[in-house]
Each structure stands twice: as structure tokens, then as C-alpha cells.
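Participant: Before anything else, here's the structure in question.
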Amino acid sequence: MTYWLGVLVQTCIYMIAIIGVSILSGFCGLFTLGHAGFMAIGAYTSAIVVNTFDVPIFVGLLAGMLLSTLLGLLIGAPTLRINGDYFIIATMGIGEAIYLLSQYLIPVTGGPYGYMDFHSFRGMEALFYVVPILIVVIVVTYFFIKSKHGRNIVALRENEMAALTVGINVYRYKMISMGYSCALCGLAGGLLAHYMTNVNPAMFTSTKSNDLVIAVVLGGRGSLTGAIIAAMILTPLPELLRFSSAQEWRLIMYGLTIVLVILFRPTGLYGDREFSISGLAKWIKRHSQRLMKRGEN
Amino acid sequence: MVLFFQQIINALAIGGIYALMSVGYALIYSLLRFTNFAHSVAVTFGSYAIYVALTHITSNFYLGLIFGVLVGAVIALIIELTAYKPLLIKNSARSSLTIIGLGISTIGTNMIILIFSSRFKVIPTDFGGKSIQLLGAYISVLDIIIIAICLVMLLGVFLFINKTRTGLAIRAASHDLDSTALMGVDVQKFLSIIFILAGAMAGIAGVMLATKYQAYPSLATTMTNKSFISSVVGGLGSLGGAVAGSFILSTGEVMISGYVSSELRDLFSYGLLILVLLVRPYGLMGKRFDDKA
């Protein structure tokens, strides 16, 4: 039972990170290959802050969020002004550099063995942290994408030139998306650190970064619901497929799904729609009518 | 001094391999304005092709090399025809091409792990530890062969691009793909040629890397990342820049691991990447490409 609760906690934590990346890659259309690095920043910062200053976990999480956001904006400031390719490259570089640094700076991070012995969640305490934070994140993100700012971000993804002409400050909104995604990834990293009781570099490899983007692409570019569903399916998957060579098969299926989705359903599984009660009611009504018509014939 | 001379030879060999791969990145970027993240697949298949060739088919290194080149070229062509071409015809966003490349590279690496396991494979060649003495330094025969083959290949590609009719069409297409198509050039055919060329060079790079370091599944992704950094340092889409960037990166890496610490080598590469992006994002010789209409 506790095992499955653990899987649940991890799913919630990764969902926070995937929602963050969804704002950047899904809504704003800027792909990233290094957001596991920002999770690492959040994780190490939170663990180190809590350990050295003996403050509550909450303060550590905030510190991790802050530092990861600042770093993200620092990287975004020069690269978001130019062609999107350079941004992808920069995120890849920063993700890889953070990974290598966390291995190399042994006095600070503990090197490959990881940073240990800091104040962590005890047992089920994790759930009481993670679930409320996740709910707050979902609600805030929902209102953010429904707001004027959210619409501006989608507009600039669809056509940057047109967005610029109607007076949207494209650069500013790219920076906002970058900051938002880095803040959420930093938060998720911090939560992961206090849940795992150990932070080591292997938790934040480039494969993890790719997994985040893949989840967003599969869920639907520009759909919060899609990101949530993708997180619910993809995060527990490695736990379920633990037998022998299942890991390689899983990654092959990941890759294949990506290729097929991009070729045949470029908007992702959930497209850019959102789940809503009225939408569900309409869907049921439409399909029941269709079924009834079929029955009459 | 002797150590320094040895390091220089080593840097030239590694730089040559990086250059073969980064020219592939630059060629595709100059035409299509996207980064081919599936490039590592051709390198991986090249490095395992030489392993299969030398353990099962032949004992001649050069026949194995040709086999590796063919495998790399065929893989690149398959990737272009099945994944990139449909997207290019549909005129999809460039980010779709990037992400599909990522998916293909995940498939490729894990297929190799399933087939060959993730153990290191030694390539049985008769170079072994053979070396010759030059100016008091011991230089491995393999490094000399690598440098020679890389130089010949790079020279060949530059002559092909700058002196032939096909090369002229490719250069025209890199200025403006759509106008070139309007002038009656069969652009799709030339895109396939470019992918075959890039794949063949990736195949050679794979063979060289496997012979120099042994073959293992993540070898290609590590090394293509480095060559990608070189092509960014030199300027995306610039062939000369890609070659220059490769030798700058390899020299820096070899000197750092030789005189400072080998652990700092990768950190240097990625640090250089970030530094270049912060200070001069278009690289040494890059042109400014804009997303805007």
C-alpha cells in the first residue's frame, strides 16, 4: 500500500514539473531539452537551505523555486531575443552543465553519491505537502492560461509576427513563460528531494528532460488537461514496467509514440482543448443522439 | 613539449571526427533551418556496423569502414523519407522536426541496447596499440589514419559543395529553398542527397569513434552532442564554422583533460556552449536567421 502511495506522490510531483513545461513548450511553443536541470537546482537548493539554516521545508522549497526562476531568466534573457533554435540549444547546454556540475562539486552537492541527511518528509507527510501544492498549481495555472496573459502567450505561439503587430510584447511573454516553467520545475525538484531523502545527479539526466517534453507533446500542445493526463499515464509507467528489458521497450515505445503522434496527430492526444463539465455533457449528448439515430435506421 | 605534441595530434584526431559530424548538422541546418537530433542514430549504427563487420564478415578494416559508411547513409535516408519528408511536405513547424528527431534518437539508442546489450564492444583491428615515433613522441597509427580519412572526407565535401552542379543547387537551396524549387530544381531529391551525405559522414565518424574508444550505446549521443556544440560555436548552418568549431572544441577539451583534470572536460564543452550563446549567439561565422516572416 505504501508503495502505491509512493508512486502517487511521485506522479503528483512530476505533474507539477510537466505543467510547468507545458506552459513553456505547449502554450508558448518554445521547446526545452534541459528542464531536469532546473529541477536539480530546486532540489539541491531546497535540501541545502533546509540543512544549513535549519528552516522549515516550505522555506527551502521557496528558495529552490526562486533560484531556479532566476537562472531560467538569466539564460532566457539573451537567447529568447533570437531564433527559437538557440533557445533549445541553450536549455540543453544548461541542463547538461548543471548535471555535470552537480557531479563535480563534491563539497557542495555530495557528488555522484548524492546529498543526504537533510530534513525530509516522514512517511505520509509527503502527501500532505504534495497534494495541496499540486491543487494550487493547477488552479493558478488554469486561471493564468484563461487570463489575458495566457491568451497572449498562445497568440505568439500561433503567429509571432501577427502577435507583434497587434501590440503583444513577444519577448516579455516568452520570458514570463520561461520564468513560470522554471519556477514550477524548481518546486517539483524541491518536493522530489524531500520525498526521496537523497538528491543525486542521476535523478536529473537529459533523459529526464526529454521525458518532460515528451509528456507535453503527447498530452497535447496547449492543453492543461492533456498535460495532467500525460503525467498520470507516463510517470507510473516505469514503475509498472520493471521486469528485465521492459525499460528499453518502454523507451522504444516512447520514441515511436512521439514519431507517430507528430506525424499523424500533431496537436497531441488532447489537442488544445480543456476538460470541462459542460464540454463532457455536450459530448455525451452528441454521441447519444448519434447512437439514437443509428437505432432508428 | 613531447606531451604537448602528442596532445595536438590527439586533438586533431578528435577534432576531425567532430568535424565529420558537425558538418552534417551544418549542411542540414543550412538548408532546412532545423537541428537534426536524429543525427546520433546514424553514428550509432555506423559504430555497431564496424563491430558486426569485423567480428562476423571480414577482417579488413577498410571494408568494414565502407560497410559502416553505407549503413550510416541508408539509416539517414530512411529517417529522412519516413519522418522528415512528410512533415516538410505538410510545411509543419520546425519544432515538430526537432521533437520527432528526439523520438527517433530514443528509438535508435534503445534498439541498439536491445540487440547488442549495453556492454562495451571492442572492435578487433590490428592497429591495437601500434604507434610510430615522431619528434620523440609516440603517435598511434590509428590517430594518423583517422586524421587522414577525416581530412580527405572534409576536402571531398567542400569540393562537392563548391565545384559541382549538384553543389551549386545545394548552395542555392541554402539561400532560399522555395525560390530554388521555383527555378526548376528538384529540391526533394537534393534534400535526400544531403541526408545521404550527412549520414555517410556520420557513419565514418561512428566507425572511427568505435575503433578509438570501443562501441557502446551512449557513445554516439555523447559525441554528437559535442559535435553539435562545435557547430553552434562555429555558427549554425556554416560549414567552415562547423569545422573551425570542431577543432577549437577538441583542442580545448584535450588541453583541459591533459593539463587540468579530465573530469572538467565535459564541463568545459557545455560551459563554452553557454558562453557562446550568451556572448555571440550566432557563433564565429554564423549568419543571422530569423523566425519572422
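Participant: Regarding region A:28-35, can at least one residue be identified that is of a type in the set (Val, Ile, Thr), surrounded by 24 or more Cβ atoms within 10 Å (Cβ to Cβ) and under 14 Å from A:Phe204 (Cβ atoms)?
Facilitator: Scanning region A:28-35, I find at least one residue that is of a type in the set (Val, Ile, Thr), surrounded by 24 or more Cβ atoms within 10 Å (Cβ to Cβ) and under 14 Å from A:Phe204 (Cβ atoms), so the answer is yes.
Participant: Now for a different question. Go through (1) within 14 Å of chain A (Cβ to nearest Cβ); (2) modelled with pLDDT of 85 or more; (3) more than 25 Å from B:Ile113 (Cα to Cα) for B:Lys226 and report which single condition fails.
Facilitator: (3)
Participant: Among the residues of region B:111-129, is any modelled with pLDDT of 85 or more, under 20 Å from the mean Cα position of the chain (by Cα) and within 11 Å of chain A (Cβ to nearest Cβ)?
Facilitator: The answer is yes, given that some residue of region B:111-129 is modelled with pLDDT of 85 or more, under 20 Å from the mean Cα position of the chain (by Cα) and within 11 Å of chain A (Cβ to nearest Cβ).
Participant: So, one more: Just one of the numbered conditions (1) away from every other protein chain (no Cβ under 14 Å); (2) crowded, with 19+ Cβ neighbours inside 10 Å; (3) touching a residue at least 60 places away in the same chain (Cβ under 8 Å); (4) not aliphatic (A, V, I, L, M) is not true of A:Tyr270; which one?
Facilitator: So the condition that A:Tyr270 fails would be (3).
Participant: If I filter region B:168-217 down to residues being of a type in the set (Ser, Thr, Tyr), in a helix (DSSP H, G or I) and in contact (Cβ under 8 Å) with a residue 12 or more places away in the chain, which single residue comes out as surrounded by the fewest Cβ atoms within 10 Å (Cβ to Cβ)?
Facilitator: Only one residue fits best here, namely B:Ser192.
Participant: For B:Tyr138, work out the one condition from (1) at pLDDT below 85; (2) of a type in the set (Phe, Trp, Tyr); (3) within 24 Å of the chain's Cα centre (by Cα) it doesn't fulfil.
Facilitator: (3)
Participant: I've got another one for you. Right, B:Met285: at pLDDT 85 or above, away from chain A (no Cβ under 13 Å) and over 20 Å from B:Arg94 (Cβ atoms) or not?
Facilitator: No.
Participant: Which one of these is away from chain B (no Cβ under 12 Å), within 21 Å of A:Leu218 (Cα to Cα), assigned to a helix (DSSP H, G or I) and aliphatic (A, V, I, L, M): A:Ile48, A:Ile23, A:Ile41?
Facilitator: A:Ile23
Participant: I've got another one for you. Name, by its number, the condition in (1) hydrophobic (A, V, I, L, M, F, W, C); (2) assigned to a helix (DSSP H, G or I); (3) closer than 27 Å to B:Ser95 by Cα that does not hold for A:Leu30.
Facilitator: (2)
Participant: Same structure again: Just need a number here: residues in region A:76-86 that are more than 7 Å from chain B (Cβ to nearest Cβ) and under 21 Å from B:Leu97 (Cβ atoms).
Facilitator: Looking only at that region, the number is 1.
Participant: Same structure, new question: Kindly list, by first and then second residue, each pair from a residue in region A:159-186 that is assigned to a helix (DSSP H, G or I) to a residue that is charged (D, E, K, R) and surrounded by 14 or more Cβ atoms within 10 Å (Cβ to Cβ), limited to pairs with Cβ atoms under 8 Å and residues at least 6 apart or on different chains.
Facilitator: Close Cβ pairs satisfying both conditions: A:Val170/A:Glu160; A:Tyr171/A:Arg81.
Participant: Output yes when any residue across region B:200-207 is over 14 Å from the mean Cα position of the chain (by Cα) and either among the basic types (Lys, Arg) or under 30 Å from A:Ala90 (Cα atoms) (or both), and no when none is.
Facilitator: Looking through region B:200-207, none of the residues is over 14 Å from the mean Cα position of the chain (by Cα) and either among the basic types (Lys, Arg) or under 30 Å from A:Ala90 (Cα atoms) (or both).
Participant: Can you confirm whether region B:243-259 contains a residue that is under 18 Å from the mean Cα position of the chain (by Cα), surrounded by fewer than 23 Cβ atoms within 10 Å (Cβ to Cβ) and not in a helix (DSSP H, G or I)?
Facilitator: no
Participant: For region B:34-50, name all the residues that are among the small types (Gly, Ala, Ser) and not in a helix (DSSP H, G or I).
Facilitator: B:Ala38
Participant: Given the structure, is B:Ser218 touching a Ser or Thr at 6+ places or on another chain (Cβ under 8 Å) and within 21 Å of B:Ile9 (Cβ to Cβ)?
Facilitator: In short, no.
Participant: Looking at region A:130-148 only, could you name the residues that are under 26 Å from A:Ser120 (Cα atoms) and touching a residue at least 12 places away in the same chain (Cβ under 8 Å)?
Facilitator: The answer is A:Val130, A:Val131, A:Ile133, A:Leu134, A:Val137, A:Ile138.
Participant: Can you go through A:Ile94, A:Ile135, A:Ile89 and tell me which one is closer than 26 Å to A:Val59 by Cβ, within 21 Å of the chain's Cα centre (by Cα), in a helix (DSSP H, G or I) and within 14 Å of chain B (Cβ to nearest Cβ)?
Facilitator: Residue meeting the stated conditions: A:Ile94.
Participant: Here are some conditions: (1) within 14 Å of chain B (Cβ to nearest Cβ); (2) buried (at least 20 other Cβ atoms within 10 Å of the Cβ); (3) not hydroxyl-bearing (Ser, Thr, Tyr). A:Gly110 meets all but one. Which one does it not meet?
Facilitator: Checking A:Gly110 against (1) within 14 Å of chain B (Cβ to nearest Cβ); (2) buried (at least 20 other Cβ atoms within 10 Å of the Cβ); (3) not hydroxyl-bearing (Ser, Thr, Tyr), the one that fails is (1).
Participant: Has region A:190-199 got at least one residue that is crowded, with 16+ Cβ neighbours inside 10 Å, outside any helix (DSSP H, G or I) and in contact with a strand residue (DSSP E or B) (Cβ under 6 Å, 6 or more places away or on another chain)?
Facilitator: yes
Participant: Given (1) buried (at least 18 other Cβ atoms within 10 Å of the Cβ); (2) hydroxyl-bearing (Ser, Thr, Tyr); (3) within 14 Å of another protein chain (Cβ to nearest Cβ), where does A:Tyr104 come up short, assuming only one miss?
Facilitator: (1)
Participant: Testing A:Ala193 on (1) at pLDDT below 90; (2) closer than 29 Å to A:Ala63 by Cα, one condition comes back false. Which one is that?
Facilitator: In the conditions (1) at pLDDT below 90; (2) closer than 29 Å to A:Ala63 by Cα, A:Ala193 misses (1) alone.
Participant: In the list B:Tyr25, B:Tyr29, B:Tyr51, which residue meets the criterion of being in contact (Cβ under 8 Å) with a residue 12 or more places away in the chain, more than 12 Å from the chain's Cα centre (by Cα) and within 24 Å of B:Ala173 (Cβ to Cβ)?
Facilitator: Sole residue among the options that is in contact (Cβ under 8 Å) with a residue 12 or more places away in the chain, more than 12 Å from the chain's Cα centre (by Cα) and within 24 Å of B:Ala173 (Cβ to Cβ): B:Tyr29.
Participant: Identify, by number, the condition in (1) within 13 Å of another protein chain (Cβ to nearest Cβ); (2) out of contact with any Phe, Trp or Tyr (no Cβ under 7 Å at 6 or more places or on another chain); (3) part of a helix (DSSP H, G or I); (4) not small (Gly, Ala, Ser) that A:Arg221 doesn't meet.
Facilitator: All conditions pass for A:Arg221, except number (3).
Participant: Pairs, please: C-beta under 7 Å, at least 6 apart or cross-chain, first residue under 24 Å from A:Gly26 (Cα atoms) and of a type in the set (D, E, K, R) and in region A:273-291, second modelled with pLDDT of 80 or more and surrounded by 10 or more Cβ atoms within 10 Å (Cβ to Cβ)?
Facilitator: Qualifying pairs under 7 Å: A:Arg273/A:Ser223; A:Glu274/A:Ser223; A:Glu274/A:Leu224; A:Glu274/A:Thr225.
Participant: Ok, one more. Please find, within region A:138-157, the residue that is farthest from the other protein chains (Cβ to nearest Cβ) out of those that are exposed (fewer than 12 other Cβ atoms within 10 Å of the Cβ) and not polar (S, T, N, Q).
Facilitator: A:Val139
Participant: Of all residues in region B:126-146, which are surrounded by 18 or more Cβ atoms within 10 Å (Cβ to Cβ) and either farther than 27 Å from B:Ser218 by Cβ or touching a residue at least 40 places away in the same chain (Cβ under 8 Å) (or both)?
Facilitator: Of everything in region B:126-146, those that are surrounded by 18 or more Cβ atoms within 10 Å (Cβ to Cβ) and either farther than 27 Å from B:Ser218 by Cβ or touching a residue at least 40 places away in the same chain (Cβ under 8 Å) (or both) turn out to be B:Ile139, B:Leu142, B:Asp143, B:Ile146.
The values are calculated or read from the model by the stated rules, or taken from the named source; none is laboratory data. Only a predicted model underlies this, so the values are computations on that prediction, with no experimental measurement involved. Note that each Cβ is placed from the backbone with ideal geometry, even for glycine, and that neighbours are counted across all protein chains shown.
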